[in-house]
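Scroll down for the structure; my scribbles are underneath it.
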Amino acid sequence: MTSTALQILLVEDQLDIARNIADYLEAKGHVLDFATQGQQGLDLALNNHYDLLILDLNLPVMDGLVVCQQVRTKSTRHIPILMLTARDSIDDKVSGFTVGADDYLTKPFSLQELEVRCLALSRRHLLQSENVVNIGPLQLDKKRQTVQRDGQLLNLHSMGYRILTVLIDAYPQVVSRSQLSQQLWGDAPTESDALRSHIYQLRTVLDKPFATALLKTRHGVGFVLDIENDK
């Protein structure tokens with residue numbers, strides 16, 4: 001799988017961790033800039049164009065929370081921010097999301113998961129900022145609220161469109177049943193068979209007329225779009 005190359009700013013004061021991240025991501029084709037303290041990271045973020053900011057929380061000179069808050073306040077564009085930290089309490093995560101973080105990864109972590117999250121954040125940002133998004137054979141038009149597969153317009157009902165939008169937004173990550181239910185209905189109680197019924201209807205339109213299935217169930221985990229195997 002050839003990943004889309006991302007321009008990434010890594011703000012991390014532990015040099016061994018920064019080196020491991022850099023070696024892995026650069027081998028995957030991504031381009032990284034580095035900062036070892038908060039003020040330096042903030043200056044780079046505000047004066048250069050990055051697809052993503054990987055930001056440690058426990059930084060010298062300026063804490064990561066402050067850096068995140070300042071980026072959100074001063075930047076003229078939304079830079080996706082992935083917070084990287086040893087802090088794993090709910091309060092720390094809430095603090096990060098409150099000041100504008102888009103995602104959160106706790107040390108120790110898998111470098112493969114880090115890259116997947118970076119790619120997902122980049123795609124999510126594109127989905128939010130562009131009217132038309134193309135992923136494999138799918139084209140989603142947010143303005144018209146339509147989806148095409150291989151150039152063929154899909155006759156989706158409104159719930160099917162919403163489910164597919166969530167899956168495209170999260171791609172290539174798996175979306176759990178609870179996450180999907182939360183996105184569709186919030187905290188309102190729903191019948192246990194409601195989601196199953198909507199997924200079945202979506203598959204009937206998205207996959208049944210075509211040679212390969214894109215919407216896959218990961219048993220015990222959730223749902224994912226299997227774009228890479230659509231040949």
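The values are calculated or read from the model by the stated rules, or taken from the named source; none is laboratory data. Bear in mind the structure is a predicted one, so any value in this text is a computation, not a measurement. We place every Cβ from the backbone using ideal geometry, glycine too, and count neighbours over all the protein chains shown. Please note that ligands, DNA and RNA were not included when accessible areas were found on the heavy atoms of the full protein model with its side chains. Shrake-Rupley method; radii C 1.70, N 1.55, O 1.52, S 1.80 Å.
Data overview
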| item | result |
| --- | --- |
| Per residue accessible area of the chain, 1.4 Å probe, in Å² | 52 |
| Largest-first principal axis extents of the Cα set of region 71-181 (Å) | 47, 33, 25 |
| Rounded to 5, percent antiparallel among DSSP beta bridges of the chain | 50 |
| Formal net charge of residues neighbouring V71 (Cβ-Cβ distance under 15 Å; K, R +1; D, E -1) | -4 |
| If the convex hull is drawn through the Cα atoms of region 1-104, its volume per residue in Å³ | 97 |
| Rounded tilt (10° steps) of 64-74 against the dominant C-alpha axis of the chain | 70 |
| Fraction of alpha-carbon pairs over 24 Å apart in the chain - percent | 50 |
| Rounded tilt (10° steps) of 158-170 against the dominant C-alpha axis of the chain | 30 |
| Nearby aspartates and glutamates by direct alpha-carbon distance to K216 (threshold 16 angstrom, same-chain neighbours under 8 apart not counted) | D169, D207, D226, E228, D230 |
| Among 83-89, 44-50, 160-166, the order from most to least packed when residues are scored by Cβ within 10 Å on average | 160-166, 83-89, 44-50 |
| Among T73, P209, L140 - extreme Cα towards positive end, dipole of the chain, charges at beta-carbon | P209 |
| Solvent-accessible area, 1.4 Å probe, carbon plus sulfur percent, for the chain | 48 |
| Cβ-derived FRET efficiency at R0 22 Å, V221 paired with K93, nearest 0.05 | 0.55 |
| Potential lengthening between H49 and Q37 on full extension [0.36 nm per residue; Cα-Cα distance subtracted] | 2.4 nm |
| Zero-based 5 Å bins, Cα pair distances in region 134-215, whole percents | 3, 13, 28, 26, 19, 8, 3, 0 |
